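Here the structure is laid out as structure tokens; the discussion comes afterwards.
The values are calculated or read from the model by the stated rules, or taken from the named source; none is laboratory data. Since we're looking at a predicted model, the values are computed, not measured. Here Cβ is always computed from backbone atoms with ideal geometry, including for glycine, and neighbour counts include all displayed protein chains. Side chains are part of the model used for accessible areas, which takes the heavy atoms of the whole protein and leaves out ligands, DNA and RNA. Shrake-Rupley method; radii C 1.70, N 1.55, O 1.52, S 1.80 Å.
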Amino acid sequence: MEQNGATGAPGRERRIKIGVMPVFSTWIYSCEDGPQHLNERLEQLAQRLMQDERNATRRTNHGGWHYAFDLFKLEEPVIAEFRHHMEQHVQAFLNHFRPEERRKKDHFRLEGWMNVNRAGDHNVLHCHPGCFLSATYYVRVPADMKGGEIVFRDPRGPAVAMYETPEIELPWVGSGNGIPFTPATGHLLIFPAWLEHRVERFEGSGPRISIAFNATNP
């Protein structure tokens, strides 16, 4: 980009080279083609777990069902296979930022749980402390769902509001509502664990089933 600028000499200007660059981007890994061949068995597992009321807890969920324990500790073949796929995706995300000669296999552990939301349910704003990556895989999303987006909030938090100025539109100050992602069956999102997010309430027939997990030290 070039801009005219004064040189100090009357009537003369010179071109000054300038640039605008983004810094401190927040990276989100998105795969629209997750292990959908496991979805039917995962949904059957969710239905079976929901039959025992001891498996339910309340954390960030407002309504809905949240599995109370670490899903990956279940001795279920479908969970072992699902873990294998998710470990590959986490590793791919980590290696994305490394030059080819430095790509490697990292040692980490996954901790996960299931969420089953129905019409009117949602999850409040939160983040996942004690880990370095968090993720959500969508086992089932109603075809007629309206709403139900996962919404990521600007990680700068209140800092964006401190620089608001009247009558001047600043591109880095948004409405505060965050950035929404509309989920679909088989979609996987992986993001930094410190990135705050919430799930909007939705309308639609049938449950919205997802598996959330964290990547942490082994």
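The residue list ASN61, ASN95 contains one member that is touching a residue at least 24 places away in the same chain (Cβ under 8 Å) and within 21 Å of the chain's Cα centre (by Cα), which is ASN61.
Residues in region 29-50 that are assigned to a loop (DSSP other than H, G, I, E, B) and open to solvent by less than 50 Å² (accessible area, probe 1.4 Å): GLY34, PRO35. Among the residues of region 85-126, those that are of a type in the set (A, V, I, L, M, F, W, C), out of contact with any Lys or Arg (no Cβ under 9 Å at 6 or more places or on another chain) and modelled with pLDDT of 95 or more comprise MET86, VAL90, ALA92, PHE93, PHE108, MET114.
The set of residues in region 92-136 that are assigned to a helix (DSSP H, G or I) and either exposed (fewer than 15 other Cβ atoms within 10 Å of the Cβ) or out of contact with any helix residue (DSSP H, G or I) (no Cβ under 9 Å at 6 or more places or on another chain) (or both) comprises ALA92, PHE93, LEU94, HIS96, GLU100, GLU101, ARG102. Six or more apart or on different chains, Cβ atoms under 6 Å: show the pairs whose first residue is in region 146-173 and more than 23 Å from VAL23 (Cβ to Cβ) and among the β-branched types (Val, Ile, Thr) and whose second is surrounded by 10 or more Cβ atoms within 10 Å (Cβ to Cβ) and at pLDDT 75 or above. Listed pairs, sorted by first residue: ILE150/PHE181; ILE150/HIS197; ILE150/VAL199; VAL151/GLY178; VAL151/PRO180; VAL151/ARG198. Of all residues in region 181-218, those satisfying the criterion of being under 25 Å from PHE97 (Cβ atoms) and within 10 Å of the chain's Cα centre (by Cα) are PHE181, LEU188, LEU189, ILE190, PHE191, PRO192, ALA193, LEU195, GLU196, HIS197, ALA212.
This table checks each residue for (1) in a loop (DSSP other than H, G, I, E, B); (2) at pLDDT 95 or above; (3) not basic (Lys, Arg).
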{"site": "TYR138", "(1), (2), (3)": "no, yes, yes"}
{"site": "MET162", "(1), (2), (3)": "no, no, yes"}
{"site": "LEU170", "(1), (2), (3)": "yes, no, yes"}
{"site": "SER175", "(1), (2), (3)": "yes, no, yes"}
{"site": "SER205", "(1), (2), (3)": "yes, no, yes"}
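Taking first residues from region 181-196 that are at positive phi and in a loop (DSSP other than H, G, I, E, B) and partners that are surrounded by 17 or more Cβ atoms within 10 Å (Cβ to Cβ) and small (Gly, Ala, Ser), the Cβ contacts under 6 Å between residues at least 6 apart in sequence or on separate chains come to GLY186/GLY34.
Considering only residues in region 183-218 that are closer than 21 Å to LEU42 by Cβ and of a type in the set (Ser, Thr, Tyr), the one that is most open to solvent (accessible area, probe 1.4 Å) turns out to be SER205. Of all residues in region 57-103, those satisfying the criterion of being charged (D, E, K, R) and within 23 Å of SER30 (Cβ to Cβ) are GLU81, ARG83, GLU87, ARG98, GLU100, ARG103.
For region 1-22, a residue qualifies if it is part of a loop (DSSP other than H, G, I, E, B) and at pLDDT 85 or above, and the qualifying residues are ILE18, GLY19, VAL20, MET21.
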